[in-house]
Every structure is written in structure tokens, then in C-alpha cells.
1. Kindly list the number of the only condition in (1) of a type outside the set (Gly, Ala, Ser); (2) at pLDDT below 80; (3) within 25 Å of Glu62 (Cα to Cα) that fails for Gln162.
2. Hey, can you tell me all the residues within the range 90-126 that are modelled with pLDDT of 85 or more, among the acidic types (Asp, Glu) and either part of a loop (DSSP other than H, G, I, E, B) or surrounded by 13 or more Cβ atoms within 10 Å (Cβ to Cβ) (or both)?
3. Can you pull out every residue in the range 348-374 that is under 16 Å from Phe311 (Cβ atoms) and over 17 Å from the mean Cα position of the chain (by Cα)?
4. Any idea how many residues of the range 127-169 are in a helix (DSSP H, G or I) and farther than 23 Å from Lys102 by Cα?
5. Is one or more of the residues making up the range 323-333 under 21 Å from Ala220 (Cβ atoms) and in contact (Cβ under 8 Å) with a residue 24 or more places away in the chain?
Amino acid sequence: MKLIAVIKKEYREIVKKKSFIISTILTPLIMAAFMFLPVLLMKMGKGEKTIRVADYSGFIYEKMLVNEKATQSEKTAPAKRKADMKGDVFDNDNGAEASKLKFAKIDTAGHSPAELIERNIQAIRAKEIDGFLLIPSTIQKDRKLFYYSGNISDFDTNKYIQAVVRTVVSRQILIAKQINPEIVDEATRDIEFETIKVKKEGTSKSSAGIEYMMSLFMLAILFSILMGYGQLIMRGVLEEKSSRIIEVLISSTDTQHIFYGKIIGIGLAGLTQVAIWFLFALAMMGKFSLGLSSGIMNFLTLEIGIYFVIFFLLGFFMYAILFSIVGAAVNTDQEAQQFAAPISYLLIIPFVMGIMVTQSPNSSVALISSFIPLFTPTLMFMRITVSPPPLAQILSAISLSLLFIAFLAWLGAKIFRVGILMYGKKPSLGEILRWLRYK
């Protein structure tokens with residue numbers, strides 16, 4: 001009964017705080033903003049770009065215009081051509097390329113490449129243009145382009161230019177070999193790439209980008225609550241120890257009740273928060289789904305929700321025990337941060353590895369790492385969201401984690417019993433290990 005009383009006390013203290021309500025609302029919003037906002041801003045923030053083209057091949061630029069017109073007519077968005085002092089200009093409004101590109105041909109007659117490069121580099125520095133594309137006369141032989149810009153990290157623009165020029169060069173080579181232009185058009189036509197997710201219950205159309213971002217989003221949520229509640233337990237134990245409140249609690253119950261009661265009570269508070277998120281996700285997936293894309297709807301399944309709860313509980317108890325040990329063993333917040341740093345790294349490492357797991361969920365590195373108990377809650381969950389492993393692997397990882405939690409609970413109870421009443425100097429690791437032998 002005393003254990004239940006401690007559990008109730010810890011649970012009520014957490015859920016009645018305003019910070020619990022605020023974190024319940026803000027945590028998924030902040031994580032979503034962290035994951036999705038940069039992508040949205042990158043797409044929305046792309047404006048017009050003016051790129052000058054020096055075409056020494058004599059045919060690329062004009063063919064680029066023809067290719068662009070053909071592409072845009074297929075997309076019911078015809079290219080617009082203009083003429084100005086700098087030469088022919090056309091706008092790119094391609095749906096696959098968010099930015100609007102304006103290519104302007106410059107006269108190469110009587111000008112060496114080095115001269116044009118120097119002149120246009122100065123124009124880029126003066127912000128007169130955004131880029132300069134140099135197409136050498138040996139483009140068919142060397143397959144080399146030179147693109148100068150103040151910003152070379154715009155991968156969409158780079159990829160678009162490469163794709164258009166590659167198509168033009170391929171068409172030119174085929175036509176030069178007297179192949180029917182209609183056959184050339186058919187051979188160089190764009191390919192639509194559609195991804196279909198294969199699951200045990202069937203198949204469904206899904207976007208690779210949405211799958212990737214949602215997997216990272218769920219991983220970020222899991223990481224944040226494990227880290228947050230672990231730090232909460234550590235600071236709570238340290239605060240009660242520093243204020244001597246723990247001595248009053250020990251006078252009415254034993255240290256094991258306090259130790260397990262704190263962990264279980266705060267764990268139930270965390271589970272309550274997860275349950276609120278889970279119910280909210282179910283509501284969004286109902287008929288009032290706010291127009292969520294099919295990719296997100298297919299990702300947020302009941303199975304994913306259940307596994308999230310399971311691995312949250314496994315991860316919580318592992319790291320809660322470790323953080324509570326730190327709180328009981330040290331005397332100041334500074335000492336706590338020093339001891340807690342290695343534990344935090346044990347959470348950060350699988351979080352970083354999770355990005356790799358999304359690419360190769362069944363690789364030997366991902367497989368072995370997901371069976372390391374301290375890594376299991378994040379890495380095994382990531383494997384499940386990307387490409388569910390065999391049920392035997394999941395159950396084996398869960399079983400290993402439960403055994404490890406039982407060991408940590410035994411270890412933590414012994415250290416907590418001694419450390420919670422130890423005051424004064426900072427304990428060394430050897431001294432903490434000696435506490436295990438005390439009876």
C-alpha cells in the first residue's frame with residue numbers, strides 16, 4: 001500500500017502541473033516544426049533566379065528551350081519566352097522544381113570562356129545574377145558542365161539543369177545517328193516514379209519523403225520524452241535529497257518503495273501524455289482528418305501506435321532508473337549534469353543512428369544495434385516504422401530489454417538505498433560500485 005501511495009503522489013504532482021499540459025500540447029508541435037518546417041520554408045522561400053548561359057556547343061541552349069516547352073506542355077504549364085537586351089529568356093515553372101528559373105543566353109562570339117567566367121563572377125558578386133552556366137564545346141565528348149553561383153547548395157536547381165542538359169545531349173546524339181525523331185522523343189521521355197509500400201496486410205501508395213519524415217518525427221518524439229522524463233526524475237530525486245525531504249519520506253516507508261514509486265508514478269504520467277497524443281492521432285485519422293495526406297494516414301496505424309507505447313515504456317524504465325541513480329548518488333546539480341552526460345549520449349547515439357536505419361533497416365549494423373538494450377527502444381522502433389522485421393526479432397528485443405530493466409532495477413535499488421542518504425563529497429565511480437556490497 002505504501003508503494004501505491006508513493007506512485008499516486010508522484011503521478012499527481014506531475015499531471016497537475018501546468019508544465020505537463022503545456023508540454024503535452026507543445027512537444028508534438030515543436031517536434032513537427034523541427035522536422036517539417038525547414039522543408040516547407042525551403043520550398044516557399046524559393047524565388048526567381050536569373051542564370052546566364054554561355055553556350056559554346058552551339059545547340060544546347062536552343063534545344064533546352066524546345067525541351068522545356070515540350071515538358072511544360074505535358075504539364076499544362078507552357079513555358080514563357082521573352083526577349084530582352086541580354087538575349088532569349090524563358091521561365092521554368094516545372095512542378096518538380098519549386099524555384100522559378102530565368103535562363104538568359106549571352107553572346108560567346110569573340111569572347112573566351114575565361115573572359116566570360118570572370119565577367120559573370122563579378123556579376124554574381126554584385127548580385128546582378130544568381131548564377132552562370134558555362135557549356136563547353138566538348139559537352140558531348142566530356143559530358144561536363146560548369147555552374148558558378150553564390151549558392152551551390154540549391155540541389156533542386158542543380159539537379160534540374162543536369163537533367164535538362166543530359167536529355168538534350170542524348171537527343172542530339174541519337175538524331176545525329178539518323179534515328180527517327182519520334183523514336184528519340186519516346187526514348188527520352190520522362191519516367192514517372194511511383195512508390196508503393198508493401199505491408200503484411202497489403203500494399204498502399206505512399207511517398208518516400210513522407211515515410212522518411214514521419215519516421216524521424218516519431219523518433220524525435222520518443223527521444224524527447226525519454227530525455228525529458230529522465231531528467232525530470234533525476235532533478236526530482238536530487239531536489240528531495242538536497243532539501244532533506246527524502247529523510248521524512250524514509251521515516252514513513254523504505255527506500256525501495258520510494259525508488260520504485262517514483263519511477264512508476266512518473267512513468268504513468270508519461271504514459272498519460274502518450275495516450276493523449278495517441279487519442280489525438282486517432283481523431284485526426286477519423287472522418288474529420290483535416291485533409292491529411294494518404295501517406296501520413298497509411299503511416300499512423302494502430303500497430304505503430306501500440307509499438308510506440310511499448311518501446312516508450314521500455315525506454316522510460318531503462319533511462320529513468322539510470323537517471324534516478326544519478327540523482328541519488330550526487331549532491332549538486334553540477335555533479336548531476338556530469339554524471340548524466342554519458343547517459344544522455346546513450347540516447348543521442350541511437351537517435352543519430354536512426355537516420356541510417358531509415359535507409360537500411362535490415363543491415364547487419366541496424367540489426368545488431370537494435371538488440372543492444374539501451375538502443376532497442378529507439379532503433380527497433382525505427383526499424384518497425386520503416387520496414388517491420390520478423391515478429392521473432394521484435395519479441396526477442398523486447399525480452400532482452402525486460403531482462404535488462406530487471407537487472408537495472410535491482411542495481412538501482414541498491415545504489416539508491418545508500419546514495420540517497422549520502423551527503424558531502426562527490427562520490428567516485430568506484431565508491432558507487434562499492435555501495436552494491438552494502439547490506
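The values are calculated or read from the model by the stated rules, or taken from the named source; none is laboratory data. Since we're looking at a predicted model, the values are computed, not measured. Backbone-built Cβ (ideal geometry, glycine too); neighbour counts: all protein chains shown.
1. Among (1) of a type outside the set (Gly, Ala, Ser); (2) at pLDDT below 80; (3) within 25 Å of Glu62 (Cα to Cα), the lone unmet condition for Gln162 is (2).
2. Result: Asp107, single match.
3. Within the range 348-374, Ser369, Ser370, Phe371, Ile372, Pro373, Leu374 meet the criteria.
4. Of the residues in that region, 3 qualify.
5. Within the range 323-333 (the criterion being under 21 Å from Ala220 (Cβ atoms) and in contact (Cβ under 8 Å) with a residue 24 or more places away in the chain), the answer is yes, since at least one residue qualifies.
Okay, residues lined up against (1) part of a helix (DSSP H, G or I); (2) surrounded by 12 or more Cβ atoms within 10 Å (Cβ to Cβ); (3) of a type outside the set (Ser, Thr, Tyr); (4) out of contact with any Ser or Thr (no Cβ under 9 Å at 6 or more places or on another chain):
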position	(1), (2), (3), (4)
Gly354	yes, yes, yes, no
Asn362	no, yes, yes, no
Ile372	no, yes, yes, yes
Ser396	yes, yes, no, yes
